[in-house]
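A quick write-up on the structure given underneath.
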Amino acid sequence: MKTYQQYIDGKFQGSHSKDMIEVLNPYTEKVIATVPNGDAEDAAKALAAAEKAQGLWAARTASDRASYLKKMAAAIRANRVELAKTLAEEQAKIIGLAQVEIDVTADYFDYYAGWATKYEGEVIQSDRPGENILLLQQPIGVVVGICPWNFPFFVMARKVAPSLLTGCTTVIKPSSETPCTTFDFAKLVHETGLPAGVLNFVSGRGSTMGNALVKSPVTSLVTLTGSVEAGQQIIKATAENITKTSLELGGKAPVIVCADADLDLTVKAVVGSRVIYSGQVCNCAERVYVDAKIADEFMDRMTKAMAAVTYGDPFNNPDMSCQINREQLAKIEAMVARAKQQGAQVLTGGERPSEPKTGAFYKPTLLGGCNQDMEIMRKEIFGPVLPVMRVSGLDEAIALANDCEYGLTSSIFTNNVTSMMRAVNELKFGETYVNREHFEALQGFHAGWRKSGIGGADGKHGLFEYLQSHVVYIQH
Ligand code: NAD
């Protein structure tokens, strides 16, 4: 069993409270590690360290700062197998996907290192003679990054890389469900020789440690990836200091399947999108609107494909493993029970399997006969359950897809250019995928509409979340 410590001001240290949080392997349901149950005092120490380090860090050249990101990428690659093992253990993520997450995270650090010579301010024309107006892009200051349990390593990098590159200093709080890979990374960060205080890792509950970090006047930007509820609490907690927030929250991604869709491609993409990491991915397919003209054939193929999804020990690389914990499983079971009461039909799955004996498993599930009034078509499931509704055509599909409190991702499967372009122009979501699974690129911009969030991550636009403008008028 591993015992982790917080990493504050370049030193590994416990919490003054001495209290520890146990971390479970969700598949074996055994304790694999402990982390300090950090509190407001630890939060204040980490923020003070970040504040103290920020001026000197920002004074370095961007290329110098980028050199540390490159060292982090190299350290991740040198430890890629061990990190993937830890990730698979703490999350019950299948080992193949855990390895992808580790490798993409290394790429992410390199990607943002490349921005060191590319991001720019502006020179604005003045209407006065003998004057220049400069628009500088300067680091926002101390960044608090709060991470979820579903992509703990990648999401950590999504916050650390642009923050450090732009000259901000950072305090990261992983989810107390999955802190291990992040704290293994803290050891690698220490070995890069990064100046003390530039990057700090703390642990603790959202309601105590998280709350103390976000409400502090030292914090200039809170970037959260998590649930809508946590986003709402953070907006309240940051109100007093008018602290900027960047929130990446839940989703209810619609999939539109048109009558002319390539069904081989569609079924493979939709099933893959629903069962990846046991359905616990914010951008994956959460509800389907299929044209009634092809609905029977589509449902038939989908039922077979969902029933063929394999599950089990994450180290045997099945298609998926268990849910993160028993609470998530209970939530999924309750949602399916209510959907059945409201008239949904279980076409495959719809229950816990008898094997494996440990781990909160739920069978890959397809629900037919769904309609827009059902909770299962409106609320995030975050599990391997896919509700499907038949529609009369594209007009109805787009209207129902948009009738949603979330606005993260969406997709359409069609071979008709007009249908595709109508969806692209009319779907009210931050991302739309055409004829492919739901998954974003690091050079894109991952940003939700409506309750799915404020601001966003990745690419050029993600970088600018960490910068603030400073306009300078020079009369000469
Ligand atoms: P969660 O909201 O329970 O927790 C996320 C993080 O926020 C944790 O570190 C938690 O400790 C912290 N937190 C909770 N309340 C807080 C508070 N009041 N103040 C400060 N910090 C607080 O989310 P989760 O269960 O870890 O993750 C699943 C959710 O995240 C799903 O809704 C999923 O859709 C969403 N998610 C979104 C994206 C995206 O990019 N939009 C990506 C991954 C996950």
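Projecting each Cα onto the charge dipole of the range 253-442 (Lys/Arg +1, Asp/Glu -1 at the beta carbon, about the Cα centre), which of Pro314, Ala423, Met374 comes out farthest on the positive side?
Farthest along the dipole direction, towards plus: Pro314.
Around Ser126, which amide H atoms from residues at least 5 apart in sequence, or from another chain, sit under 5 Å from its own amide H, with H modelled in the peptide plane?
Ile133
May I ask you to list the trypsin sites (Lys or Arg not before Pro) in the range 383-476 that are in a DSSP loop and have at most 16 other Cβ atoms within 10 Å of their Cβ?
Lys428, Arg436
In whole Hz and in residue order, list the ³J(HN,Hα) couplings for the range 97-113 that follow from phi through the Karplus curve 6.51 cos²θ - 1.76 cosθ + 1.60, θ = phi - 60°; x for Gly and Pro.
Values, residue by residue: 5, 4, 5, 4, 4, 5, 5, 5, 5, 4, 4, 5, 5, 5, 4, 6, 4 Hz.
Hey, could you pull the Cα Rg and Dmax for the range 1-104, both in Å?
16.9, 48
Suppose each label sits 7 Å from its Cα in the direction of the beta carbon; what would the Ala307-His476 distance come out to in nanometres?
7.6
Mind listing the long-range amide H neighbours of Thr170? Cut-off is under 5 Å, sequence gap 5 or more, other chains count too, H placed in the peptide plane at 1.01 Å from N.
Result for Thr170 returns Val143, Leu199, Asn200.
Contour minus end-to-end for Ser354 and Lys118, with contour as 0.36 nm per residue of separation and end-to-end as the Cα-Cα distance?
Separation in residues times 0.36 nm, less the Cα-Cα distance, equals 79.5 nm.
If you plug each phi of the range 308-319 into the Karplus form 6.51 cos²θ - 1.76 cosθ + 1.60 with θ = phi - 60°, what whole-Hz ³J(HN,Hα) values come out, in order, with x for Gly and Pro?
8, 5, 9, 9, x, 4, x, 7, 8, 6, x, 5
Which whole-Hz ³J(HN,Hα) couplings does the range 158-165 yield from phi under the Karplus relation 6.51 cos²θ - 1.76 cosθ + 1.60, θ = phi - 60°, glycine and proline marked x?
4, 9, 5, 4, x, 5, 5, 4
To the nearest 500 deg cm²/dmol, what mean residue ellipticity at 222 nm is calculated for the chain from DSSP H runs of n ≥ 4 alone, each contributing -39,500 (n - 2.57), summed and divided by the residues?
Theoretical 222 nm ellipticity from helices: -11500 deg cm²/dmol.
Just order 216-226, 409-419 by mean Cβ neighbour count inside 10 Å, highest at the front, would you? Present the calculation step by step, with values, prior to reporting the outcome.
Values: 216-226: 23.2, 409-419: 21.1.
The peptides rank, most packed first, as 216-226, 409-419.
DSSP beta bridges in the range 117-226, what fraction antiparallel, as a percent rounded to 5?
Of the beta bridges lying entirely in the range 117-226, close to 20 percent run antiparallel.
Considering amide H positions built from the backbone, and no H for Pro or chain starts, which residues 5 or more places from Ala33, or on another chain, come under 5 Å of its amide H?
Answer set, sorted by chain and number: Lys2, Val23.
For a test of the definition: using alpha carbon positions, the gyration tensor, and the 1.5 limit on a/c, classify the range 36-154 as rounded, prolate or oblate.
Note, shape of the range 36-154 comes out prolate.
What is the extension gain from Asn132 to Leu188, computed as 0.36 nm multiplied by their sequence separation minus the C-alpha to C-alpha distance, in nm to one decimal?
15.7 nm
Determine how large the accessible area of Arg378 is when every protein chain is in place; take a 1.4 Å probe and give Å² rounded to the nearest 10.
Arg378 exposes around 80 Å² with every protein chain in place.
Any idea of Val472's accessible area? Nearest 10 Å², probe 1.4 Å.
40
How big is D, in µm² s⁻¹, for the range 134-270 by Stokes-Einstein at 10 °C and 1.306 mPa s if Rh is the Kirkwood radius over C-alpha pairs?
Translational diffusion coefficient: 96 µm²/s.
Which translational diffusion coefficient, to the nearest whole µm²/s, is obtained for the chain from the Stokes-Einstein equation, given a Kirkwood hydrodynamic radius over C-alpha pairs, 10 °C and 1.306 mPa s?
My calculation gives 68 µm²/s for D.
Let me know the shape class of the range 154-222, please: from the alpha-carbon gyration tensor, a ≥ b ≥ c as square roots of the eigenvalues, rounded when a/c is under 1.5, otherwise prolate if a/b is greater than b/c, or oblate.
Oblate, because a/c is 1.5 or more while a/b does not exceed b/c.
Based only on Cα atoms, what mean projected area does the convex hull of the range 253-442 have, in nm²? Kindly include the intermediate steps, with their values, before the conclusion.
Numbers: hull surface 41.4 nm².
Projected area, direction-averaged: 10.3 nm².
Tell me which trypsin sites (Lys or Arg not before Pro) from the range 82-123 have a DSSP coil assignment and no more than 14 other beta carbons within 10 Å of their own.
Qualifying residues, ordered by number: Lys118.
Over every pair of different alpha-carbon atoms in the range 323-374, take the mean of 1/r and invert it; report that Kirkwood radius in Å.
11.6
The values are calculated or read from the model by the stated rules, or taken from the named source; none is laboratory data. Fair warning: this is a prediction, and the values are worked out from it, not measured in the lab. Cβ atoms come from the backbone with ideal geometry, glycine included; neighbour counts cover every protein chain shown. Ligands, DNA and RNA are stripped out before the accessible areas are found, and what is left, the full protein with its side chains, is counted by its heavy atoms. Shrake-Rupley method; radii C 1.70, N 1.55, O 1.52, S 1.80 Å.
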